[in-house]
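Engineer: Mind looking over this structure? Questions follow.
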Amino acid sequence: MRLKNLLGIRDLDTEDILQILDTAVLMKPIMETKNKRTNYLLGKIMVTLFYEPSTRTRVSFELAAKYLGATTTNISTSASSVVKGETLIDTARTLQAMGVDIVVMRHPMTAAHRLLARHLDAVIINAGDGINEHPTQALLDMFTIREKKGTLKGLKVVIAGDILHSRVARSNIWGLTKLGARVVLAGPATLIPKGIGNMGVEVYHDLRQAAVDADVIMGLRIQLERQKSGLFPSLREYNMLFGIDERVLEVAKEDVLVMHPGPTNRGVEMSSEIIDGENSAIEEQVTNGVAVRMALLYMLTREGVS
Ligand code: NCD
């Protein structure tokens, strides 16, 4: 791996991304073996440091590390010295002083990981920095699309919903465009950042129009915890205009892949029928997330592993 840390998809070139996806293909079968254990990361220590809530990302990293034989530990910031006023850098240095090799962090501040990377020798992996990037989510999304469709080149991928507050959307835009997909964003004008067209995407404010002939439709959660009020009238109204349902799928390609990073709000950004329907890859995304994180952990720590 050319890079020491994974801070954002923005830093990766096409070759880096493909190398991670190819390695994940090799990692996935390990999850299906009886003992689910290898020695690739034996003796390595990974800590998950999450300053924001998470279910799947944190557990996914933990399991990925365990399948590779690493030792893992988790810090819940509400029960740590963070509440006593310790700075981020001091917390991270403390971990390093105990021999931690990999710090997987989720933090509300954009680029918090870059700050950490300047002060630490340990490998830093971004598990979400505010509204900026969520690189491993985008990698697992690209992996899932490539696994299902063979390639990303030339595919029409619609990302629908709260683009403004979505680090998942931002990382996917960087990655999907690098791999040659056509990225179309759909959402209310208040939830699409100004100037996002400069990232090489098309913007629609009508979901049905955006979804015509789509190969992939990715729904996003409305990030109420990050929003000021008044960006849309009500969740019911949002669902009527931007909810992904049968009417939207009707205009897409017949084998359209429906994706969502989770957690889903059933009946808000997507109907239950679609979430559980035959086009949905939502559960496979979760499985693939472990494989992609195994690949990354392996690649970022390969040096020095005998
Ligand atoms: C996403 C996140 O935290 O950015 N979730 C995830 O990691 N799977 C999306 C979200 O919270 O809506």
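Engineer: Within region 1-14, take every residue that is in contact (Cβ under 8 Å) with a residue 12 or more places away in the chain and not in a loop (DSSP other than H, G, I, E, B) and give me the one that is most open to solvent (accessible area, probe 1.4 Å).
Structural biologist: Step one: of region 1-14, the residues in contact (Cβ under 8 Å) with a residue 12 or more places away in the chain are 1-10, 12-14.
This time we only want the ones that are not in a loop (DSSP other than H, G, I, E, B), so: 6, 9-10, 14.
Numbers: LEU6: 1, ILE9: 0, ARG10: 146, THR14: 55 Å².
The qualifying residue most open to solvent (accessible area, probe 1.4 Å) is ARG10.
Engineer: Right, here's the next one. Condition check: more than 21 Å from LYS178 (Cα to Cα), acidic (Asp, Glu) and at pLDDT below 95. Does GLU225 satisfy that?
Structural biologist: Numbers: more than 21 Å from LYS178 (Cα to Cα): yes; acidic (Asp, Glu): yes; at pLDDT below 95: yes.
It is true that GLU225 is more than 21 Å from LYS178 (Cα to Cα), acidic (Asp, Glu) and at pLDDT below 95.
Engineer: Next up: Identify the residue in region 38-62 that is open to solvent by 10 Å² or more (accessible area, probe 1.4 Å) and more than 19 Å from the chain's Cα centre (by Cα) and, among all such residues, is nearest to GLY130 (Cα to Cα).
Structural biologist: Only one residue tops the list, namely ILE45.
Engineer: List, please: which pairs have Cβ atoms under 8 Å, are six or more places apart or on different chains, and start with a residue in region 173-187 that is under 14 Å from LEU140 (Cα atoms) and end with one that is open to solvent by 10 Å² or more (accessible area, probe 1.4 Å) and small (Gly, Ala, Ser)?
Structural biologist: Final answer for the pair search is ILE173/GLY200.
Engineer: Let me ask something else. Does region 217-241 hold any residues that are more than 15 Å from the ligand (Cβ to nearest atom), surrounded by 13 or more Cβ atoms within 10 Å (Cβ to Cβ) and not in a helix (DSSP H, G or I), and which are they? Outline the logic, then answer.
Structural biologist: Looking only at region 217-241, we keep the residues that are more than 15 Å from the ligand (Cβ to nearest atom), and these are 217, 228-234, 236-237, 239-241.
Add one more test, that the residue is surrounded by 13 or more Cβ atoms within 10 Å (Cβ to Cβ), and what stays is 217, 231-232, 239, 241.
ILE217, LEU231, PHE232 - these are the residues of region 217-241 that are more than 15 Å from the ligand (Cβ to nearest atom), surrounded by 13 or more Cβ atoms within 10 Å (Cβ to Cβ) and not in a helix (DSSP H, G or I).
Engineer: Any residue in region 257-269 that's open to solvent by 20 Å² or more (accessible area, probe 1.4 Å) and away from the ligand (no atom under 11 Å from the Cβ): show its pairings with residues that are in a loop (DSSP other than H, G, I, E, B) and not basic (Lys, Arg) at Cβ separation under 9 Å, as long as the two are six or more apart or on different chains.
Structural biologist: GLY267/GLY243; VAL268/ILE222; VAL268/GLY243
Engineer: For region 50-59, indicate whether the set of residues that are over 30 Å from GLU225 (Cβ atoms) and touching a residue at least 24 places away in the same chain (Cβ under 8 Å) is non-empty. I'd like the intermediate steps shown before the answer.
Structural biologist: So in region 50-59, the residues over 30 Å from GLU225 (Cβ atoms) come out as none.
Within region 50-59, not a single residue is over 30 Å from GLU225 (Cβ atoms) and touching a residue at least 24 places away in the same chain (Cβ under 8 Å).
Engineer: Looking at region 281-303, is at least one residue in contact (Cβ under 8 Å) with a residue 12 or more places away in the chain, in a loop (DSSP other than H, G, I, E, B) and surrounded by fewer than 16 Cβ atoms within 10 Å (Cβ to Cβ)?
Structural biologist: Quick first cut of region 281-303, residues in contact (Cβ under 8 Å) with a residue 12 or more places away in the chain only: 281-282, 284-302.
When the remaining residues are screened for being in a loop (DSSP other than H, G, I, E, B), the result is 281, 302.
Those left that are additionally surrounded by fewer than 16 Cβ atoms within 10 Å (Cβ to Cβ): 302.
Checked region 281-303: at least one residue is in contact (Cβ under 8 Å) with a residue 12 or more places away in the chain, in a loop (DSSP other than H, G, I, E, B) and surrounded by fewer than 16 Cβ atoms within 10 Å (Cβ to Cβ).
Engineer: For region 128-174, which residues satisfy the criterion of being in a helix (DSSP H, G or I), within 16 Å of the ligand (Cβ to nearest atom) and among the acidic types (Asp, Glu)?
Structural biologist: ASP141
Engineer: Got a number for residues in region 40-72 being in a helix (DSSP H, G or I) and under 23 Å from LEU26 (Cβ atoms)?
Structural biologist: Here is the first cut: in region 40-72, the residues in a helix (DSSP H, G or I) are 56-67.
Now drop any that are not under 23 Å from LEU26 (Cβ atoms), which leaves 56-57, 59-67.
Qualifying residue count for the region: 11.
Engineer: Is it the case that region 175-196 has a residue that's touching a Lys or Arg at 6+ places or on another chain (Cβ under 6 Å), crowded, with 24+ Cβ neighbours inside 10 Å and part of a strand (DSSP E or B)? Walk me through how you get there before you give the answer.
Structural biologist: Pass one, region 175-196, residues touching a Lys or Arg at 6+ places or on another chain (Cβ under 6 Å): 180, 182.
Add one more test, that the residue is crowded, with 24+ Cβ neighbours inside 10 Å, and what stays is none.
The answer is no, given that none of the residues of region 175-196 is touching a Lys or Arg at 6+ places or on another chain (Cβ under 6 Å), crowded, with 24+ Cβ neighbours inside 10 Å and part of a strand (DSSP E or B).
Engineer: Still on this model: Going by the conditions given, is LEU164 farther than 26 Å from LEU3 by Cβ, among the hydrophobic types (A, V, I, L, M, F, W, C), at pLDDT 95 or above and out of contact with any Gly (no Cβ under 6 Å at 6 or more places or on another chain)?
Structural biologist: On the way: farther than 26 Å from LEU3 by Cβ: yes; among the hydrophobic types (A, V, I, L, M, F, W, C): yes; at pLDDT 95 or above: yes; out of contact with any Gly (no Cβ under 6 Å at 6 or more places or on another chain): yes.
Spelling it out, LEU164 is indeed farther than 26 Å from LEU3 by Cβ, among the hydrophobic types (A, V, I, L, M, F, W, C), at pLDDT 95 or above and out of contact with any Gly (no Cβ under 6 Å at 6 or more places or on another chain).
Engineer: Would region 92-100 turn up any residue that is surrounded by fewer than 17 Cβ atoms within 10 Å (Cβ to Cβ), free of Cβ contacts under 8 Å to residues at least 60 places away in the same chain, among the hydroxyl-bearing types (Ser, Thr, Tyr) and touching a strand residue (DSSP E or B) at 6+ places or on another chain (Cβ under 6 Å)?
Structural biologist: Within region 92-100 (the criterion being surrounded by fewer than 17 Cβ atoms within 10 Å (Cβ to Cβ), free of Cβ contacts under 8 Å to residues at least 60 places away in the same chain, among the hydroxyl-bearing types (Ser, Thr, Tyr) and touching a strand residue (DSSP E or B) at 6+ places or on another chain (Cβ under 6 Å)), the answer is no, since none of the residues qualifies.
Engineer: Scanning region 197-216 for residues that are under 19 Å from the mean Cα position of the chain (by Cα) and without any contact (Cβ under 8 Å) to a residue 60 or more places away in the chain, which turns out most open to solvent (accessible area, probe 1.4 Å)?
Structural biologist: Narrowing region 197-216 to residues under 19 Å from the mean Cα position of the chain (by Cα): 199, 201, 216.
Cutting the leftovers down to without any contact (Cβ under 8 Å) to a residue 60 or more places away in the chain gives us 199, 201.
Values: MET199: 50, VAL201: 18 Å².
For region 197-216, the residue satisfying everything is MET199.
Engineer: Somewhere in region 112-127, is a residue more than 16 Å from the ligand (Cβ to nearest atom), free of Cβ contacts under 8 Å to residues at least 12 places away in the same chain and either assigned to a helix (DSSP H, G or I) or of a type in the set (Val, Ile, Thr) (or both)?
Structural biologist: Taking region 112-127 as the starting set, the residues that turn out to be more than 16 Å from the ligand (Cβ to nearest atom) are 114-124.
Next, only the ones that are free of Cβ contacts under 8 Å to residues at least 12 places away in the same chain stay: 118.
Checking which are either assigned to a helix (DSSP H, G or I) or of a type in the set (Val, Ile, Thr) (or both) leaves us with 118.
Checked region 112-127: at least one residue is more than 16 Å from the ligand (Cβ to nearest atom), free of Cβ contacts under 8 Å to residues at least 12 places away in the same chain and either assigned to a helix (DSSP H, G or I) or of a type in the set (Val, Ile, Thr) (or both).
The values are calculated or read from the model by the stated rules, or taken from the named source; none is laboratory data. For clarity, every value in this text was computed on a predicted model and none was experimentally measured. Glycine gets a Cβ as well: all are built from the backbone with ideal geometry, and neighbour counts include every protein chain shown. Each accessible area value is taken on the protein alone, full model and side chains, heavy atoms only, with ligands, DNA and RNA left out. Shrake-Rupley method; radii C 1.70, N 1.55, O 1.52, S 1.80 Å.
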